[in-house]
1. With the requirement that a residue be buried (at least 17 other Cβ atoms within 10 Å of the Cβ) and more than 16 Å from B:Gly30 (Cβ to Cβ), what does the range B:169-187 give you?
2. Among the residues of the range B:215-247, which ones are buried (at least 17 other Cβ atoms within 10 Å of the Cβ) and either at positive phi or part of a helix (DSSP H, G or I) (or both)?
3. Considering only the range B:29-128, give the helices (runs of 4 or more DSSP H) lying wholly within it that have at least 1 residues that are within 9 Å of chain A (Cβ to nearest Cβ) and acidic (Asp, Glu).
4. Taking B:Ala42 as meeting all but one of (1) farther than 19 Å from B:Pro180 by Cβ; (2) small (Gly, Ala, Ser); (3) in contact (Cβ under 8 Å) with a residue 40 or more places away in the chain; (4) out of contact with any helix residue (DSSP H, G or I) (no Cβ under 6 Å at 6 or more places or on another chain), write down the number of the exception.
5. What are the residues in the range A:152-172 that are surrounded by fewer than 16 Cβ atoms within 10 Å (Cβ to Cβ) and at negative phi, if any?
6. For the range B:142-187, which positions are within 11 Å of another protein chain (Cβ to nearest Cβ), part of a loop (DSSP other than H, G, I, E, B) and either among the polar types (S, T, N, Q) or closer than 17 Å to B:Leu216 by Cβ (or both)?
7. Is the range A:332-341 home to any residue that is within 17 Å of A:Val265 (Cβ to Cβ) and within 23 Å of the chain's Cα centre (by Cα)?
Amino acid sequence: MSKTVPDETPLPIRGFAAAALVAAAAAAAVWLAQASLSDYVVTLLAVLFLNAALAVSLNFTNGFTGLFSLGHPAFMTIGAYVAAILTFPERRKGTMLPGLPEFLATTELSLLPAILIAGAVAAVVALIVGFPVLRLRGHYLAVATLGLIVIIQSLATNWDTITRGGSGLSGIPRLTGIWWAFGFMLVVIAAAWRIKFSSLGRAMMATRENELAAECVGIDTVRVRMLAFVLGAFFAAVAGALLVHLISVVTPRTYSVLLAFNLVVMVVIGGSGSIIGAVIAASAITVLSEALRPVEESVGLYGMSQVIVALALILVLYLRPQGLFGSGEPMIVRRLFGGDRFGQTP
Amino acid sequence: MTEAIIEAHGLSRIFGGLVAVDGYGLRLAGGELVGLIGPNGAGKTTAFNLLTGVLKPSAGRILIRGQDLTGARPHVLARAGVARTFQNIRLFSDLSALENVMCGGHMRHGSSLIKTLAQLPAFWRSEKLIARRAAEIIDRTGLSALAYRRAGDLSYGDQRRVEIARALATEPAALLLDEPAAGLNPSETQKLVELIRRINEDMGVSVLVVEHDMRLVMGLCRRVQVLNRGKLVAEGTPAEVQADPAVIEAYLGTRRKALANA
C-alpha cells in the first residue's frame, strides 16, 4: 500500500457527525435569537442567511470553476416571479393578475413546491442561455451575463399578463421565516462543501486552473462549466424566491446589477472559491450596510454604505488580492468536516 | 503485429497560408516507444496537438484502437486512451500535487453530481479508489515527499514529473510527451529517462516522445520519426535515421554537408 495516503482514510461519518453537531448548535442559536430578539433583527438575520447562501452559490461559477458570472440577479428574478405567482392566493389573483392563464390562475401552492419549481425553471433557463454564453471567457462572459440581467428585467417589465409590469407584485404571502432562510443556507453550504471536496469539484477547479490541460486529462470542460452555471442558477432562483416571500413584494428592479456587484464583492473579499470566506464576507457586508443605514439617514448621506462596500473591495484587492482565505478553507474547519485529506499541508 | 493504439493517416494542418503539418502519418503499436524529432518549427508540436485533439486536422484521419476519432475533442481522445504532457507545463497550480494526479482519475472513476450530492456509498468508494490510485502513481513517480505541496510551488523538474503522473492517472494506452526534458539539468534528465522506460516497460504504456535532445531520443527510442517543414522525411531505427541524408540536411542544411564532404 502507498506511503502517501494513510490506509485508514478518515470515515465520512466523522465529518457528518461534526457537521450535524455544528448545524444543531447553530440552530439552537437561531432559536434563541428568534425567541429573544426583535422582529427587525430576526428579519435581518434571515436576510443575512439568504445573502450568505447567495454568495456561496455564486462560488460554483465564480469560485470553483473560474467563470466570472454576474448573472445571479437574473436567475433570482426568474425564481422570485415564478414562486410568487405560484404561491399567490387564488382569490386575489383575479384582481391582481386578471390576464393569467387558466392553469396558473387556479393554482395556489405552498412554499416548498413553489421554490423547487422556481429553481427548476431558472436551471432550464441557465441551460439554454449557457450554450452560447459559456463559450465566452473572462470579461466577455461577465458582460454577457450582465446583459442577461437587463434582458430578464425588461421581460419582467413588459410581460404584463404574468408580471404586472413595472409596478410588480405586492402582497406576496409572507411565507419565508428565519428557519427557511437558515435551512436553505445550510443546504447550499453542504452542497458546496460536498462538491468542493469531491472528484467533481476537483474537475471544476482543474477547469479553472487550466482548461486545456483539464480537457487533456479527460474532463469534459463544457459539461463541467454548464453544471456549475446551472447549479448556481438553481440556488440563486430559490434564494430569490425565498427573499420575496420575506419582503412580500417583487418588482423588475428588486434584483438589480447593484446586487450582482455586491455578491461578487462578497465572493472576492471572502476569497474566490472559499465557502467559509463567502459566508463571513456576506454576513459582514449585510450587517455593515444595515448598521450604517441610521447613520446615513442622520447625516443625510444616502448611499454611503455602498461607497464603503466599494472601498472595502478596493482595499482587499490592494492589500490581500486572494481574499480572506484564498480559494481554500480555514484549516480548523477542514479538519472538523473532513475536507483535509488531499489539500496542501495536512 | 500488436494492435495499433494510435493510427494517423495523412494528417495535415494549415494555418492561413502556412502548411504546418503536411501528410503526417503514425502507427503506434502497443508497448512501442517512438521518438519524433526535427528542427525548430518543423511542426512537431502541431503534429502532437493534432494527435491529441487540441487542434482539428485540416485533412487526414486519426484512429484510436481502430475507432475513428478524427476531429474529436481532447477529452474524448483521453477517454479512448491518449494522454499527453505539454511543452510549457500546464499544471493545476493552485491544487496540490496529489490533487493534480487525482484530477486525472476523475474521467475513469469520478462520481456523478447526483451521487456526490446524495453522498451515496458509491461516491465514497470512488473517492477512495481515486485517492488510492493517485497515491500509487505519486509513489511510483517518486513524488511522495511532495504530494501535499502546491503544484505551482514545485521546482521545474518536479512539475514535469507531476504532469507525467497526472497523465498516467488517466490510465492511458498511449502517452505523448512533448519535450519532457526541456529545461532539465543532466541528472534530472537521467531520472526522466528512467521514468519513461519504466512507464513503457513495466506499465506497458506506448510512448511517443517529441524531443530536442538528440542523445535522449537516440538512447531511448527503438524507432524514430523525423519531421522537417511539416513533412516526415525519415523513419527508422536511431542508427538508420542518423545515417539518412535527408535528416542531415534537415538539421545542418545542404551547404554545410557539401563542405563536410569536401
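Throughout, read-outs are computed from the coordinates displayed, never taken from laboratory work. Values in this document were obtained by computation on a predicted structure and should not be read as measured data. Neighbour counts run over all protein chains shown; Cβ positions are idealised from the backbone, glycine included.
1. B:Ala169, B:Thr170, B:Leu177, B:Asp178, B:Glu179, B:Pro180, B:Ala181, B:Leu184
2. Those that are buried (at least 17 other Cβ atoms within 10 Å of the Cβ) and either at positive phi or part of a helix (DSSP H, G or I) (or both): B:Leu216, B:Val217, B:Met218, B:Leu220, B:Gly230, B:Pro238, B:Val241, B:Val247.
3. On the way: elements: B:44-51, B:74-80, B:97-109, B:113-118.
Correct list: B:97-109.
4. Among (1) farther than 19 Å from B:Pro180 by Cβ; (2) small (Gly, Ala, Ser); (3) in contact (Cβ under 8 Å) with a residue 40 or more places away in the chain; (4) out of contact with any helix residue (DSSP H, G or I) (no Cβ under 6 Å at 6 or more places or on another chain), B:Ala42 violates only (1).
5. A:Ser154, A:Asn158, A:Trp159, A:Asp160, A:Thr161, A:Gly166, A:Ser167, A:Ser170
6. Listed by number, the list holds a single entry, B:Thr170.
7. First, the residues of the range A:332-341 that are within 17 Å of A:Val265 (Cβ to Cβ): none.
Within the range A:332-341, none of the residues are within 17 Å of A:Val265 (Cβ to Cβ) and within 23 Å of the chain's Cα centre (by Cα).
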